[in-house]
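Heads up: the structure comes next, in structure tokens.
The values are calculated or read from the model by the stated rules, or taken from the named source; none is laboratory data. These numbers come from a predicted model, not from an experiment. Every residue, glycine as well, gets a Cβ built from its backbone with ideal geometry; the counts of neighbours run over all protein chains shown.
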Amino acid sequence: MPRLLLLLPTTTYRAEAFLEAARRVQVSVTIGIERVPESLPVASDDVLLLDVRHPQTAAQTVVEFVQHHPIDAVIGVDDVTAVTAAAVAEAIGLPHNSVASVTAARNKRQMRELLSREGIPVPRHKVFPLDGDARAFAKLIVYPCVVKPLILSASCGVIRANDEQEFENAFHRVGTLLINLNLAAVDEQARWILVEDFVPGIEVALEGLLTKGVFQPLAMFDKPDPLDGPYFEETLYITPSRLSSDLQQQVVDCADRTAKALGLREGPVHGEFRLNENGVWVIEMAARAIGGRCSRTLDFSSGISLEELILRHSLQMPLPPLTRPKQAAGVMMLPIPYSGRLHEVRGQAEAKAVPGVVELTITAEPGEELIPLPEGTRYLGFLLARGQTPEDVERSLREAHQRLTVVISASPPTTDRSPSPHSRAMRF
């Protein structure tokens, strides 16, 4: 039986979907991970402890492992493990992206420099040291601008600034975040902060698959909520896109050029693009699939999931036609309204009863400390819907969201689970 090495961060939403895909394809799975969380649904014999933040060290561990346990495919599920997956695949002779290309896709500065050389539109940008003089930097910037880390994703640490005072505040917040996450201590790229022009316009996401350098678009998502700041929390993803076929093709062409400019050749890519009167602008392209539980909106011929498609591609198995049902689908990444400890989420049954809603998952646990963006690194949960049109799906998601009430306490919940005197309820 073929064996998959699935590289995971210690916290992820992605393990379950890939493990289910492996069961469907009948592939053995070895989990490569830095430390084993209690919630990991595999036996300890199926775990290989790896230093995923140091790709070459991890690759050497895998080289020794495959002497007794051959590996037929390796997949990383986030930006960090994607770099390690490239190093591992190179070390054991599997089709792969170069480590340099995946590293560039992870690093916003490297990405923008490579794309600029190829004439691909990206925001003008500068990079400043984390411990530098924010007040002096503020005088070098054109406003409005966006301040962001070089290496985080999902809008974490991304803040718009409209003047020098807002820039200074944003710069210090991003720096504090990188220190509090302990990234600045372990990653050189976390010691720098990117500042770029704010690009107005509508934003879309594009999911694609690369095979020997050939780009195949899989799905385009509209983001109907305006993402103009001061923070850039992504909530709604709706597919198929309502853009004209001409604009969609422009995005696909830009994505193809972007992948080539970065040197990506194999596996999934997830791109973020802005469109305005000046054309298509690249915001991000990651050498991985879409994050969270958003992939549950996608299925392909014969009912296979995005994860199964990626696994089949990695194993060089025949792929079905990459067509999707005409039915529209969408996901809402449930935002965290404010900081505190989660007491409960009310109205879940009412939200699930909204026509078109097919799934509601609250991933945060009662008693868990919640932090909203831009400092937060996770969502409250995920809401999925399907319908005849994108408009139907958007209405279903918004109505279901309105039926939820999130109760967040300033102190830990009491043993009888009654709200504390300092609890606040947020009805959406």
Give all pairs with beta carbons closer than 8 Å in which a residue from region 347-360 that is assigned to a loop (DSSP other than H, G, I, E, B) meets a residue that is polar (S, T, N, Q); count only pairs at least 6 apart in sequence or on separate chains. Gly347/Thr405; Val354/Ser396; Pro355/Ser396; Gly356/Ser396
Checking Ala15 against (1) of a type in the set (Gly, Ala, Ser); (2) modelled with pLDDT of 95 or more; (3) crowded, with 20+ Cβ neighbours inside 10 Å, only one condition comes out false. Which one? (2)
Could you tell me whether region 165-183 includes any residue that is closer than 30 Å to Pro335 by Cα, at pLDDT below 95 and not aliphatic (A, V, I, L, M)? yes
With the structure loaded, tell me whether Ile75 is in the same structural domain as Arg14 (by TED's automatic domain parsing) and within 30 Å of Trp192 (Cα to Cα) or whether it fails that test. yes
Do the conditions hold for Asn182, that is, is it assigned by TED's automatic domain parsing to the domain that holds Gly132, outside any helix (DSSP H, G or I) and of a type outside the set (A, V, I, L, M)? yes
Region 69-128, subset part of a loop (DSSP other than H, G, I, E, B) and β-branched (Val, Ile, Thr), residue nearest to Phe273 (Cα to Cα): Val122
Mind listing whichever residues of region 281-296 are surrounded by 21 or more Cβ atoms within 10 Å (Cβ to Cβ), of a type in the set (D, E, K, R) and either closer than 30 Å to Ser116 by Cα or not assigned by TED's automatic domain parsing to the domain that holds Leu247 (or both)? Arg288
Taking the options Ala185, Ala161, name whichever one is touching a helix residue (DSSP H, G or I) at 6+ places or on another chain (Cβ under 9 Å), more than 23 Å from Gly279 (Cα to Cα), surrounded by fewer than 16 Cβ atoms within 10 Å (Cβ to Cβ) and among the aliphatic types (A, V, I, L, M). Ala185
Mind checking whether some residue in region 33-45 is in contact with a strand residue (DSSP E or B) (Cβ under 9 Å, 6 or more places away or on another chain), crowded, with 23+ Cβ neighbours inside 10 Å and not assigned by TED's automatic domain parsing to the domain that holds Thr258? no
Kindly indicate the residue of region 207-252 that is touching a residue at least 24 places away in the same chain (Cβ under 8 Å) and assigned to a helix (DSSP H, G or I) and also surrounded by the most Cβ atoms within 10 Å (Cβ to Cβ) among those meeting that condition. Val251
Could you say whether any residue in region 218-240 is more than 20 Å from Leu373 (Cα to Cα), at pLDDT 95 or above and under 14 Å from the mean Cα position of the chain (by Cα)? yes
The number of residues in region 234-289 that are among the β-branched types (Val, Ile, Thr) and in contact with a Ser or Thr (Cβ under 9 Å, 6 or more places away or on another chain) is 5
Inside region 340-370, can you point out the residues that are under 17 Å from Gly292 (Cα atoms), at pLDDT 95 or above, surrounded by fewer than 18 Cβ atoms within 10 Å (Cβ to Cβ) and not charged (D, E, K, R)? Val358, Thr361
Could you say whether any residue in region 136-147 is more than 26 Å from Val102 (Cβ to Cβ) and touching a His at 6+ places or on another chain (Cβ under 8 Å)? no
